[in-house]
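The values are calculated or read from the model by the stated rules, or taken from the named source; none is laboratory data. What you are looking at is a predicted structure, and each value in this text was computed from that prediction instead of being measured. Glycine also receives a Cβ, built like all others from the backbone with ideal geometry; neighbour counts cover every protein chain displayed. Ligands, DNA and RNA are excluded from the accessible area calculation, which covers all protein heavy atoms including side chains. Shrake-Rupley method; radii C 1.70, N 1.55, O 1.52, S 1.80 Å.
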Amino acid sequence: MALRRPAPPRLRRPAGAPPLAPTPPAAPAPRRRTGRRAVLLVGAATAVALPVVAGALRRGRESTPSAAHPFADVAPGAPGAEAMHWAHETGVQPAVSATAYAPDAVVTRAEVALALHRFAGAPAVPLATAPAPIADLCEDPAQAAALVWLHGRGALWGDAELRVHPEQPATRDGAAMMLAALLRPALTGVGVSWDAAAGTALPQDPEPGSALPDVAWLEAAGITPPIRSLADWAGQDRVTRADLAVAVHRADAVIADALA
């Protein structure tokens with residue numbers, strides 16, 4: 001089951017309505033230095049307004065892997081080891097125990113949402129009063145808040161029954177669409193963009209609802225490794241804890257570079 005981004009609404013003007021007056025161009029907003037957390041809290045212009053309280057995106061010394069967390073199932077020089085230590089130490093995706101990270105464990109859609117919500121500083125969502133157009137929210141309050149927040153940012157979609165299927169394993173396509181939908185408008189808002197059409201091996205005219213445009217953007221931003229051919233991207237493959245840690249760690253580096 002693939003949950004795809006809905007097509008934008010097409011509005012029609014009533015017959016006989018007067019022509020619309022041209023909208024004057026908006027004056028450019030003054031540039032100012034923006035924090036990492038603030039960048040992620042900007043979100044899409046079409047986001048559902050939710051009252052949120054900003055948390056702190058923990059970085060600084062915690063972003064450096066520490067020998068204090070020697071996971072028995074993560075070799076020191078293994079691919080993604082640095083990202084997994086970073087994800088644990090920042091709280092974006094903590095280890096499953098004091099000595100194990102479970103890098104090969106498959107994550108669910110709710111767990112992807114939870115990691116992205118924590119990455120943004122875990123903004124508080126008043127679940128008791130906020131509108132929640134999701135029919136299958138998790139019982140876990142942290143995951144439920146993450147799902148509602150990402151839905152409000154335009155980074156999570158459901159099916160025709162308003163179900164987001166949080167318990168289902170996350171696919172590479174689904175995770176890519178969530179990550180790109182969260183990051184792309186936020187970075188564009190501070191004047192940072194990439195040409196996703198240049199140098200990618202992915203099709204330039206994918207079918208409607210495809211995740212490939214998001215994958216191409218993540219590749220151009222340096223969050224996804226270079227894709228040599230379409231065969232390199234198996235969109236329905238499941239996402240592991242190591243995969244998620246690596247992607248979010250790279251996103252953190254991209255935001256830091258963009259704001260440097």
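What pairs can you find where one residue is in segment 179-191 and farther than 23 Å from residue 110 by Cβ, the other is assigned to a helix (DSSP H, G or I) and open to solvent by 20 Å² or more (accessible area, probe 1.4 Å), and their Cβ atoms are less than 7 Å apart, with a gap of 6+ or different chains?
From segment 179-191, the pairs are 187/258; 189/42; 190/258.
Restricting the search to segment 92-106, which residues are open to solvent by less than 40 Å² (accessible area, probe 1.4 Å) and farther than 12 Å from residue 245 by Cβ?
100
Report yes if residue 118 is open to solvent by 50 Å² or more (accessible area, probe 1.4 Å) and under 14 Å from the mean Cα position of the chain (by Cα), otherwise no.
Working: open to solvent by 50 Å² or more (accessible area, probe 1.4 Å): yes; under 14 Å from the mean Cα position of the chain (by Cα): yes.
Against the criterion (open to solvent by 50 Å² or more (accessible area, probe 1.4 Å) and under 14 Å from the mean Cα position of the chain (by Cα)), residue 118 qualifies.
Checking the condition within 20 Å of residue 116 (Cα to Cα), under 14 Å from the mean Cα position of the chain (by Cα) and hydrophobic (A, V, I, L, M, F, W, C), which residue from 245, 256 passes?
Among 245, 256, only 245 is within 20 Å of residue 116 (Cα to Cα), under 14 Å from the mean Cα position of the chain (by Cα) and hydrophobic (A, V, I, L, M, F, W, C).
Name the single residue, out of those in segment 131-146 being open to solvent by 50 Å² or more (accessible area, probe 1.4 Å) and out of contact with any Lys or Arg (no Cβ under 9 Å at 6 or more places or on another chain), that is farthest from residue 111 (Cα to Cα). Working first, answer last.
Quick first cut of segment 131-146, residues open to solvent by 50 Å² or more (accessible area, probe 1.4 Å) only: 131, 133, 135, 137, 139-141.
This time we only want the ones that are out of contact with any Lys or Arg (no Cβ under 9 Å at 6 or more places or on another chain), so: 131, 133, 137, 139-141.
Details: 131: 21, 133: 19, 137: 13, 139: 13, 140: 11, 141: 12 Å.
Among residues in segment 131-146 that are open to solvent by 50 Å² or more (accessible area, probe 1.4 Å) and out of contact with any Lys or Arg (no Cβ under 9 Å at 6 or more places or on another chain), the one farthest from residue 111 (Cα to Cα) is 131.
Name the residue that is farthest from the chain's Cα centre (by Cα), counting only residues in segment 88-105 that are not in a loop (DSSP other than H, G, I, E, B) and not polar (S, T, N, Q).
The initial filter retains those residues of segment 88-105 that are not in a loop (DSSP other than H, G, I, E, B), namely 88-90.
After this cut, where a residue has to be not polar (S, T, N, Q) as well, the list is 88-89.
Values: 88: 18, 89: 19 Å.
Out of the qualifying residues, it is 89.
What's the number of the only condition in (1) closer than 23 Å to residue 217 by Cβ; (2) out of contact with any Gly (no Cβ under 7 Å at 6 or more places or on another chain); (3) open to solvent by less than 50 Å² (accessible area, probe 1.4 Å) that residue 186 fails to meet?
Result: residue 186 fails condition (2) only.
Tell me which residues, restricted to segment 84-108, are modelled with pLDDT under 95 and under 20 Å from residue 172 (Cβ atoms).
none
Could you tell me which residue of segment 154-183 is most open to solvent (accessible area, probe 1.4 Å), considering only residues that are among the small types (Gly, Ala, Ser) and assigned to a loop (DSSP other than H, G, I, E, B)?
Our first condition is that a residue be among the small types (Gly, Ala, Ser); within segment 154-183, this holds for 154-155, 158, 160, 170, 174-176, 180-181.
Restricting the remaining residues to those that are assigned to a loop (DSSP other than H, G, I, E, B) gives 154-155, 158, 160, 170.
Details: 154: 32, 155: 0, 158: 31, 160: 109, 170: 4 Å².
Checking each candidate, the answer is 160.
Cβ-Cβ below 7 Å, separation at least six or inter-chain, first residue in segment 232-260 and surrounded by 22 or more Cβ atoms within 10 Å (Cβ to Cβ) and at pLDDT below 95, second in a helix (DSSP H, G or I) and of a type in the set (Lys, Arg): which pairs?
From segment 232-260, the pairs are 255/36.
Modelled with pLDDT of 95 or more, touching a strand residue (DSSP E or B) at 6+ places or on another chain (Cβ under 8 Å) and in a loop (DSSP other than H, G, I, E, B): is that true of residue 73 in this structure?
Numbers: modelled with pLDDT of 95 or more: yes; touching a strand residue (DSSP E or B) at 6+ places or on another chain (Cβ under 8 Å): no; in a loop (DSSP other than H, G, I, E, B): yes.
No: the conditions fail for residue 73.
Can you find a residue that is modelled with pLDDT under 95 and over 24 Å from residue 236 (Cα atoms) anywhere in segment 156-165?
So the first thing to find is which residues in segment 156-165 are modelled with pLDDT under 95, and the list is 156-165.
Restricting the remaining residues to those that are over 24 Å from residue 236 (Cα atoms) gives none.
No: segment 156-165 contains no residue that is modelled with pLDDT under 95 and over 24 Å from residue 236 (Cα atoms).
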